[in-house]
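A.B. asks: Below are the structure tokens for one structure; questions will follow.
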Amino acid sequence: MEDRERVLTGIRPTGPLHLGHYVGALETWIGLQSDYDCYFLIADYQVSDHADDLARVREAVWEVTLDWLAVGLDPERSSFVVESVIPEHAELTLWLSWLVSIGRLQRNPTLKAEMKDFGRRSVPVAFFTYPIMQVADILLHRAQLVPVGEDQLPHIELAREVARRFNRHFKEVFPEPKGLVGRVPRLVGIDGQAKMSKSLDNAIYLKDTPAVVNEKVRSMYTDPTRLRATDPGHVEGNPVFLYHELFNSDRQEVADLEERYRRGAVGDVEVKEKLAAALNRFLDPIRERRAHFAADMALVRDALALGSERARKTAQITMSLVREALDLDYLEKFRES
Ligand code: TRP
């Protein structure tokens, strides 16, 4: 285990996971498990924007873990980590915040956009500094590889910078992590909006029942220029066909539907019914595994406890290196002269 390179990635527990998470992240994570020592983090320190709804955050910790187990992340091979179980995350965040200027954070494009979303609500200090905590997540476990969404790349760049700065100023402790972007950086929502997301209410969740999937697909945004089934339709940029491409394993059916759609020889109803069926075939085994674990929540708890305990050991080793690098062991080293 120890000679494999380490992967660390995380997610904020704000709700159950959807198809966008699957093709943008989970699918990559699943593949990395056989070659890397993987740490999957529930970033429950980083929800200062959800402080008024902690009950939902706590529930989401379980939802996310169930989704992880359901898609095949394996708590025996990989470590599921609850960030707040390891207070070293907070400690390292503080030390690393020495090395990041306010201006550097203000120029972070992802953070900038997210702060704008607060509108007139005030931004908690912890929100403004969350990229430093994310850097600490990565460096605390001395990860070499960080699979993330495209929007997270500025935070990885910051992690590289902070690692270099710490190593140069104090002592060589941290590897410089690399980012890895998933197959589909941004999945379009069922409403045709640029991004599937919980807050836009345009998501299909991994735990949605077949009936819910059917209904969501029925209401999907499709080619707005097409009024009748006999009008030639647009496949490119059409979310219904994009989902067919990504989730329908019956390639022949997809090719046939595309060809007929372009010619105006198939109705939207049939294209959508076939998509709903394909999505349900894709989701069935995921839902089945989810139900299996949901019926035995002690397994879910144990997965989090086991991974967090494992990761805490790594964290403590890193912190002893950090304390030594910062020359913090002066009480231990004290000699009466
Ligand atoms: N900020 C990330 C997101 O919103 C989640 C995250 C927290 C993370 N800590 C991390 C991602 C460490 C990668 C590594 O998606």
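A.B. asks: Can you give me the Rg/Rh ratio for the chain, using Cα atoms for both radii and the Kirkwood formula for Rh?
C.D. replies: Ratio of gyration radius to Kirkwood radius for the chain: 1.04.
A.B. asks: Oh, and also: Output the direction-averaged projected area (hull surface divided by four) of the convex hull of the alpha-carbon atoms of segment 85-127, in nm².
C.D. replies: 3.9 nm²
A.B. asks: Follow-up. Put +1 on the Cβ of each Lys and Arg and -1 on the Cβ of each Asp and Glu in segment 210-291; which of Ser249, Ala229, Gly264 then has its Cα farthest toward the positive end of the dipole?
C.D. replies: Of Ser249, Ala229, Gly264, it is Ser249.
A.B. asks: Quote the charge dipole size of segment 210-291 about the Cα centre in Debye, to the nearest 20; the model charges only the Cβ of Lys and Arg (+1) and of Asp and Glu (-1).
C.D. replies: With only Lys, Arg, Asp and Glu charged at Cβ, the dipole is about 240 debye.
A.B. asks: Loop only per DSSP, at most 14 neighbouring Cβ atoms within 10 Å: give me the GluC sites (Glu not before Pro) in segment 231-337, ordered by residue number.
C.D. replies: Filter output for segment 231-337: Glu236, Glu336.
A.B. asks: A follow-up question, please. Quick check on segment 210-291: take the gyration tensor over C-alpha atoms, sort the square-rooted eigenvalues as a ≥ b ≥ c, and tell me if it's rounded (a/c under 1.5), prolate or oblate.
C.D. replies: Note, shape of segment 210-291 comes out prolate.
A.B. asks: Toward the positive end of the charge dipole of segment 1-114, about the Cα centre and with charges on Cβ (Lys, Arg +1; Asp, Glu -1), which of Leu94, Ile11, Val57 goes farthest?
C.D. replies: Checking the options against the dipole of segment 1-114, the answer is Leu94.
A.B. asks: Could you line up Asp137, Asp117, Asp250, Asp52 from fewest to most neighbouring Cβ atoms inside 10 Å?
C.D. replies: Asp52, Asp117, Asp250, Asp137
A.B. asks: DSSP H helices in the chain with Cα extent of 20 Å or more along the helix axis and mean Kyte-Doolittle hydropathy at least -1.0?
C.D. replies: 54-71, 153-169, 268-294, 297-325
A.B. asks: Name the shape class, rounded, prolate or oblate, that the alpha-carbon gyration tensor gives for segment 1-93, where a ≥ b ≥ c are the square roots of its eigenvalues, rounded holds for a/c under 1.5, and otherwise prolate holds if a/b is larger than b/c and oblate otherwise.
C.D. replies: Note, shape of segment 1-93 comes out oblate.
A.B. asks: Where a Cα-Cα gap under 12 Å defines reach, which aspartates and glutamates qualify for Lys313, not counting those fewer than 8 residues away within the same chain?
C.D. replies: Within the straight-line limit of under 12 Å, Lys313 reaches these aspartates and glutamates: Glu88.
A.B. asks: Would you work out the relative contact order for the chain, in percent, from Cα pairs under 8 angstrom that are 6 or more residues apart?
C.D. replies: After rounding, I find 23 percent.
A.B. asks: Follow-up. Take the chain, mark every one of the trypsin sites (Lys or Arg not before Pro) that falls in a DSSP loop and has at most 13 other Cβ within 10 Å, then report the longest stretch left between them, sites excluded.
C.D. replies: Excluding the exposed sites themselves, the longest stretch runs over 229-334.
A.B. asks: Pop a pseudo-label 7 angstrom from the Cα along the beta-carbon direction at both Arg121 and His169 and give the gap in nm to one decimal.
C.D. replies: Going by the 7 Å Cα→Cβ label model, 3.3 nm.
A.B. asks: Suppose we keep just the alpha-carbon trace of segment 185-337; what are its Rg and Dmax in angstrom?
C.D. replies: Rg then Dmax for segment 185-337, in Å: 25.5, 94.
A.B. asks: Among the aspartates and glutamates, which fall within straight-line cross-link reach of Lys171, defined as a Cα-Cα distance under 14 Å, with same-chain neighbours fewer than 8 residues apart omitted?
C.D. replies: Straight-distance partners of Lys171: Glu324, Asp327.
A.B. asks: What is the distance in Å between the Cα centroid of segment 223-257 and that of segment 93-112?
C.D. replies: 44 Å
A.B. asks: Take the alpha-carbon centre of segment 132-198, take the same for segment 50-65, and report the distance between them in whole Å.
C.D. replies: Using only Cα atoms to place each centre, the spacing works out to 23 Å.
A.B. asks: Once you've got the Cα coordinates, tell me which of Lys198/Lys274; Lys195/Lys216; Lys116/Lys198; Lys178/Lys198; Lys112/Lys216 are over 21 Å apart.
C.D. replies: Exceeds cut-off: Lys198/Lys274; Lys178/Lys198; Lys112/Lys216.
A.B. asks: Sticking with this one: Take the alpha carbon gyration tensor of segment 130-221, find the square roots of its eigenvalues, order them as a ≥ b ≥ c, and report rounded if a/c is under 1.5; if not, report prolate when a/b exceeds b/c, else oblate.
C.D. replies: Prolate.
A.B. asks: Follow-up question, since we're still on this one. In segment 262-329, how does Rg compare with the Kirkwood Rh, expressed as the Rg/Rh ratio over alpha carbon atoms?
C.D. replies: 1.45
A.B. asks: Oh, and also: Suppose every Lys and Arg Cβ carries +1 and every Asp and Glu Cβ carries -1, with no other charges. What dipole size does the chain come out with about its Cα centre, to the nearest 20 debye?
C.D. replies: Computed charge dipole of the chain: roughly 700 debye.
FYI, it's all coordinate maths here, none of it is from the lab. On a predicted model such as this, the values are computed, not experimentally measured, just so you know. Quick reminder, even Gly has a Cβ in these numbers, built from the backbone with ideal geometry, and neighbours come from all protein chains shown.
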